[in-house]
Amino acid sequence: MARLTGPPGGVLTGLRETGEMIAFKHTVFALPFAIISLITAASPGWPTAHTWLWVAVAMVSARTAAMAFNRLADHRIDTENPRTAGRALPAGRLSRNFAWAVTGISAGLFLFAAASLNSLCLVLAPPALAILLGYSYAKRFTASSHLWLGLALGIAPVGAWIAVTGRIGWPALVLAGAVALWVAGFDVIYSLQDEDFDREHALHSLPARVGGGRALVIARIFHLLAFAGFLAFALAAGGGPIRLLAVAAAGLLLAWQHRLIRADDLHSVNAAFFTANGTLALAMCILFAVAQLIAAGK
């Protein structure tokens, strides 16, 4: 009989392994922008507690389903890649049955959360889930998989906007585009680590397709466009010195990560990928929230 979980080790061990499987710490990339969209859509007031709750549930459950499914789809590839062979699923610390259970439960919870928000959220939830899960196979056939990942994270602010207003607003689409380009850019940087592996295994990342140097140039273009999108959204949200400071901080962090990385020198890839981008998302979220607090207090 197939195992549902990994080897014995207690609840904390199981939670830690599950958190590693779904890369829970990477929630820092999408959730802050959902919050930014949420509070901007509700301006000059604030979202209700009901909206906060179900948006949080939808965000976490959708991302959990996507990451667990991604680990299932990439199980064989992760086993063959020395960089990822130690992950919980290829190393056998968690079973495929367990990963399928996490995927199914999380997807169901996401749909329930969407239904708890409003009818448009529910209607759009299945296609959103298809985008999230479909990304796991994108590298098999297109080098634009980085943009697909960007789209998967970029729909979060649109969903948050709909949760508040019941409709799609153009400022949310601007923010979604900026987030998509930002994510695509840093995913290109991250994929530099697997350039040779991807090429040898016919996986279609940009570094494998055009080489690391050209891929970095494309990542810079993505990030320049993302910066312009962040600025456009900040102005649409009301502008002001604090929101513009948030955009300036984002610009500095984007520039910093590109100073850290060269195609032939990846020793700082973790700082460029996680530290710079996690800080960017959190800094923008905090500053937008401060701006909203000040505006609400006037």
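The values are calculated or read from the model by the stated rules, or taken from the named source; none is laboratory data. All values reported here derive from a predicted model rather than from experimental measurement. As a convention, Cβ positions derive from the backbone with ideal geometry for all residues, glycine included, and neighbour counts pool all protein chains shown.
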Any residue at all in the stretch 63-71 that's within 18 Å of SER145 (Cβ to Cβ), at pLDDT below 90 and within 21 Å of the chain's Cα centre (by Cα)? no
Picking from PHE233, PHE222, the residue that is of a type in the set (Phe, Trp, Tyr), within 21 Å of SER145 (Cβ to Cβ) and within 20 Å of the chain's Cα centre (by Cα) would be PHE222
Quickly run through the stretch 239-298 and pick out the residues that are basic (Lys, Arg) and surrounded by 15 or more Cβ atoms within 10 Å (Cβ to Cβ). ARG243
Go through the stretch 95-121 and count every residue that is part of a helix (DSSP H, G or I), over 14 Å from ARG63 (Cα atoms) and among the hydroxyl-bearing types (Ser, Thr, Tyr). 2
Considering only the stretch 237-275, state which residues are of a type in the set (Gly, Ala, Ser) and either without any contact (Cβ under 8 Å) to a residue 24 or more places away in the chain or not in a helix (DSSP H, G or I) (or both). ALA237, GLY238, GLY239, GLY240, ALA248, ALA255, ALA263, SER268, ALA271
Which listed residue, of ILE155, ILE131, is surrounded by fewer than 20 Cβ atoms within 10 Å (Cβ to Cβ), part of a helix (DSSP H, G or I), within 14 Å of the chain's Cα centre (by Cα) and at pLDDT 95 or above: ILE131
Within the stretch 161-180, count every residue that is within 17 Å of LEU149 (Cβ to Cβ) and buried (at least 24 other Cβ atoms within 10 Å of the Cβ). 5
Please work out if LEU216 is farther than 26 Å from ILE155 by Cβ, surrounded by fewer than 23 Cβ atoms within 10 Å (Cβ to Cβ) and in contact with a strand residue (DSSP E or B) (Cβ under 9 Å, 6 or more places away or on another chain). yes
